[in-house]
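The values are calculated or read from the model by the stated rules, or taken from the named source; none is laboratory data. Treat the numbers as computed from the prediction; the structure is a model and nothing was measured. Don't worry about glycine lacking a Cβ; one is built from the backbone with ideal geometry, like all the others, and counts go over all protein chains shown. These accessible areas exclude ligands, DNA and RNA; they are computed on the full protein's heavy atoms, side chains included. Shrake-Rupley method; radii C 1.70, N 1.55, O 1.52, S 1.80 Å.
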Amino acid sequence: MTIVQLVFLLVAAGALFAALMVVLSKRLVHAALWLIVVLAGIAVLFVLLNAGFLAVVQVAVYIDAIAILIIIVVMLTQRAMGATKIQVNRNWWLALLTAVVLCVGLLALFNQMPALQSQAPTLEADAETLLDDLGVSLVDVNRFILPFEVASVLLLAALIGSIMIAWPRDSASEEERET
Amino acid sequence: MIPLSWYIIFAAILFCVGLYGALARRNALAILMGIELMLNATNVNLVAFWRYGTLAIRGQVFTLIVFAVAAAEAAVGLALIISIYRRRTTIAVDEINMMKW
């Protein structure tokens, strides 16, 4: 067993344990903090897959932005659902059954994949060339500029939409009532 | 070196854990966290298939688009949760029934 395999196994086991804690822990703040552990573990996996840029994006977008946003909203809404309330719905066993059946089915299906034991081919280009290629391909007219622009528009729409949704709509009328 | 199967098995288990979280939890925020876990599992798969395949840089581009979609989804989802909390002072999904007849 090489050292890379050992790192993978440790990180994967840690990430899976943290994922279990995300879905099982009663306190939502703890769940959000465990979520950060999962996201960091996946960033390490990206590094092992020679995708260093994606690892940095994972840290910047997921851990920095999404996880912190989730923690802030958890703190804002903590009064509504403390750890004392029941955290799972009535049909939780059905959800468990679905997840287990899907997991077993997927793992059974993997036995039929011919590429399963394949090893990673050696990269022809070094990391810098790959990163250049990724950056150019996103803005190249002949390659991925359309999905890139669609993603930009989507982000803008999500920005405006979330401001509109979270805006306190009745604040004006409430102020009138108070005066 | 690491065979492809390790990444796929890891992603499959992570996806199923996220699926359980999204289906079973009552708290809307916990459901959102389950969805994030599932998105991350697909991302691991996309990058692994890029690394072990011969599809040039496409896998990474795909993953970047998924990142953007996940960010948009999280922003809108959290805004919805804040808005619902303001109106109903609850974020338990089985108590949010204003659209249920």
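Results, tabulated for the structure shown:
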| quantity | calculated |
| --- | --- |
| Accessible area of chain A divided out per residue, in Å², using a probe of 1.4 angstrom | 63 Å² |
| Within the accessible area of chain A (1.4 Å probe), percent carbon and sulfur | 70 percent |
| Buried accessible area, chains B and A (both chains, 1.4 Å probe, Å² to nearest 100) | 7200 Å² |
| Choice from A:VAL59, A:VAL38, A:VAL73 with maximal GNM fluctuation in chain A (Cα, 10 Å cutoff) | A:VAL73 |
| Test item: A:95-105 mean partner chain Cβ contacts at 10 Å | 5 |
| Peptide-level mean, for A:26-34, of C-beta atoms on other protein chains within 10 Å | 2 |
| Rg(Cα) / (2.2 N^0.38 Å) computed for chain B, rounded to two decimals | 1.34 |
| For region A:1-83, fraction of C-alpha pairs farther apart than 16 Å, in % | 56 percent |
| Value of Rg to Rh for the protein assembly as shown (Rh from inverse mean 1/r over Cα pairs, i.e. Kirkwood) | 1.01 |
| Portion, in percent, of the accessible area of chain B that falls on carbon or sulfur, probe 1.4 Å | 69 percent |
| 10 Å Cβ neighbours from other chains, averaged over peptide B:80-87 | 6 |
| Whether region A:23-134 is rounded, prolate or oblate, judged on the alpha carbon gyration tensor where a/c under 1.5 counts as rounded | oblate |
